[in-house]
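Scroll down for the structure; my scribbles are underneath it.
The values are calculated or read from the model by the stated rules, or taken from the named source; none is laboratory data. Owing to the predicted nature of the structure, the values given are computational and were not obtained by experimental measurement. Cβ coordinates were reconstructed from backbone atoms using ideal geometry, including for glycine residues, and neighbour counts include every protein chain displayed. We work out accessible area using only protein heavy atoms, side chains counted, and drop any ligands, DNA or RNA first. Shrake-Rupley method; radii C 1.70, N 1.55, O 1.52, S 1.80 Å.
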Amino acid sequence: MRNLWAQLKWQNIVMLILAGLINAVGVTFFIAPVHLYDGGISGTAILLSQVTDGSLALFILVLNVPLFLYGLKRQGAVFTVYSLVAVAFYSLGALIINDVLPIDVSVASPLAGKDLLLCAIFGGLISGTGSGLTIRFGG
């Protein structure tokens, strides 16, 4: 355990926190409000949250658990900790945007309205930046 903490870099953790929050902004401000769907786990979480009226943040966390376990087995503990940080802050950001901030993201994007093309472009660019930063910094 001590060896694990020695291998972790605080700069990577800070950047992974930022990456998770960026990803949350892209998905919750642009993609989810207009019923577009991201690929992979994020898209599945968006779909499930809209079909069941459940929490997007909870679905993001729960659906990533098998990937954390697989990552621990294949890539090791450092990768798994970095991934946990990024996904935890992605989920926390989605929770804050959806449930805490006084912004209505339930029917339209607060920044692009109901324009699907703008939402797809901005949501893709922003969440892609968050995902790219996650990969760049070890998650």
TODO: Scan the range 33-60 for residues that are out of contact with any His (no Cβ under 8 Å at 6 or more places or on another chain), assigned to a helix (DSSP H, G or I) and open to solvent by less than 70 Å² (accessible area, probe 1.4 Å) and report the count.
DONE: 15
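Can you find, within the range 93-113, the residue that is modelled with the lowest pLDDT among those that are open to solvent by 40 Å² or more (accessible area, probe 1.4 Å) and either in a helix (DSSP H, G or I) or over 22 Å from GLY54 (Cα atoms) (or both)? Walk me through how you get there before you give the answer.
Residues of the range 93-113 that are open to solvent by 40 Å² or more (accessible area, probe 1.4 Å), as a first pass: 95-96, 98-104, 106-107, 110-111.
Still in the list and also either in a helix (DSSP H, G or I) or over 22 Å from GLY54 (Cα atoms) (or both): 95-96, 98-100, 111.
On the way: LEU95: 94, ILE96: 95, ASN98: 89, ASP99: 87, VAL100: 88, LEU111: 81.
Across the range 93-113, the extreme among qualifying residues is LEU111.
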Task: Residue, nearest to ASN12 (Cα to Cα), within the range 67-90, restricted to residues that are more than 11 Å from the chain's Cα centre (by Cα) and open to solvent by less than 60 Å² (accessible area, probe 1.4 Å) - done: TYR82
